[in-house]
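Below is one structure, written out as structure tokens; comments come after it.
The values are calculated or read from the model by the stated rules, or taken from the named source; none is laboratory data. A quick note: this is a predicted structure, and the numbers were derived from the prediction, not measured. FYI the Cβ positions are ideal-geometry reconstructions off the backbone, even for glycines, and counts take in every protein chain you see.
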Amino acid sequence: MEKLVIAGSGPAGLTAAIYSARANLSPLIFEGPGPGGQLTVSHEVENYPGLEQPISGMELMDRFRKQAERFGARFDSGVVENVSKGNDILKVQAGYKIVETRALIIATGAEARRLPIPSEKKFYGKGVSGCATCDGFFFKDKKVAVVGGGNTAVQDAVFLTRFASKVTVVHRREYLRADPVEVQKAKMNSKIEWMIPWVVEEILGKDRVTGAKLKNPESGEMFQLECDGIFVAIGHEPKTEVFKDVVETDEKGFIIVQFGGTRTSTDGVFACGNCCDQEYKQAVVAAGQGCMAAMEVERYLGIKE
């Protein structure tokens, strides 16, 4: 019988592991398919507090993991495939292993939707980004493109004008899904140009992005856009499918948590990080929520004693 199982090993899961291990809960962490989470694809992280110099996301997550291990956290490479509950006991299945636990923290994150073209994967982290807040600073006085037509894409475009010399919004439809007020802000910004309706057919470059080949889906016309960076803002997919029979989720699949906390609709199950956060999607926010989840688990188990 485990006191605590944590599903996920990104900033949220590992922070929860650090805090719960220091509280002598001896957590068992199922690392999942991508140990370290989405941050590991970032070649440089410089906005996480306490870093004098930029380091890779991989190195930062390795530091998190070693810190958790120092306090007694245990790690398993398994992927959680099923969770069930009965008589205040949770059963967590990861492959052939079934673990019983009194509390569960879900920290499985969310994955940015990617463009369905091979060249996107090739240049991810080399000019292609899924986070304007994280990487906008690296594109000072450069030309960038934002792909998408929702609120995130339009807001990202406005944000990137603080750094870039020009921002081109590329969207596959003639209309934008973003709120009219957000569109109005963007259209009043002289640094923003629009390519609507156009789709990205190929990302161009050698070692880094130098442009994109666009296609007009209505006319078939081709256009080559010169740019130094491409920000993909077409949404996120929370990795919560295996938990939907245990906790309540919204229409997009994000886990619903108590306002100002991490408790879910099920007693003993807590959630933190990008699997429940649609707004910020920042490592420091996820880490803070991981801390909250661990502290709430400690109180929950204390009450159950």
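Points to keep in mind about this one:
- Failed condition for SER190, given (1) small (Gly, Ala, Ser); (2) in a helix (DSSP H, G or I); (3) surrounded by fewer than 15 Cβ atoms within 10 Å (Cβ to Cβ): (2)
- Residue check: ILE6 meets all listed conditions (1) touching a Ser or Thr at 6+ places or on another chain (Cβ under 8 Å); (2) buried (at least 22 other Cβ atoms within 10 Å of the Cβ); (3) assigned to a loop (DSSP other than H, G, I, E, B) but one, namely (3).
- Among the residues listed as PRO33, PRO49, the single one being in contact (Cβ under 8 Å) with a residue 12 or more places away in the chain, closer than 20 Å to HIS236 by Cα and either assigned to a loop (DSSP other than H, G, I, E, B) or not small (Gly, Ala, Ser) (or both): PRO33
- Qualifying residue in the stretch 170-177 (condition: closer than 30 Å to ILE6 by Cα, at pLDDT below 95 and under 24 Å from the mean Cα position of the chain (by Cα)): no
- Each residue in the stretch 278-289 was checked for being closer than 18 Å to VAL247 by Cα and modelled with pLDDT of 95 or more, and 1 pass.
- The set of residues in the stretch 173-183 that are of a type outside the set (A, V, I, L, M, F, W, C) and crowded, with 17+ Cβ neighbours inside 10 Å contains only GLU182.
- Any hit, the stretch 62-72, residues being at negative phi, loosely packed, with under 15 Cβ neighbours inside 10 Å, modelled with pLDDT of 95 or more and not in a helix (DSSP H, G or I): no
- Every residue from the stretch 94-118 that is of a type outside the set (D, E, K, R) and over 24 Å from the mean Cα position of the chain (by Cα): GLY95, TYR96, ILE98, VAL99, THR101
- Qualifying residue in the stretch 89-97 (condition: among the β-branched types (Val, Ile, Thr) and within 20 Å of LYS244 (Cα to Cα)): yes
- Taken together, ALA17, ALA12 contain a single residue that is outside any loop (DSSP other than H, G, I, E, B), within 19 Å of the chain's Cα centre (by Cα) and more than 23 Å from ALA112 (Cα to Cα), which is ALA17.
Condition check ((1) in contact with a His (Cβ under 8 Å, 6 or more places away or on another chain); (2) within 27 Å of ARG172 (Cα to Cα); (3) crowded, with 18+ Cβ neighbours inside 10 Å; (4) among the small types (Gly, Ala, Ser)) across all residues:
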site	(1), (2), (3), (4)
ASN216	no, yes, no, no
VAL232	no, yes, yes, no
GLU248	no, no, no, no
GLY261	no, no, no, yes
THR264	no, no, yes, no
GLY268	no, no, yes, yes
GLY273	no, no, yes, yes
ALA294	no, no, yes, yes
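- Checking VAL285 against (1) touching a Pro at 6+ places or on another chain (Cβ under 9 Å); (2) touching a residue at least 60 places away in the same chain (Cβ under 8 Å), the condition it does not meet: (2)
- Some residue of the stretch 67-87 being touching a Gly at 6+ places or on another chain (Cβ under 6 Å) and under 23 Å from PHE243 (Cα atoms): yes
- So THR40, is it surrounded by 17 or more Cβ atoms within 10 Å (Cβ to Cβ), in a loop (DSSP other than H, G, I, E, B) and not aromatic (Phe, Trp, Tyr): no
- Members of the stretch 275-292 that are assigned to a loop (DSSP other than H, G, I, E, B) and surrounded by fewer than 17 Cβ atoms within 10 Å (Cβ to Cβ): GLN278, GLU279, TYR280
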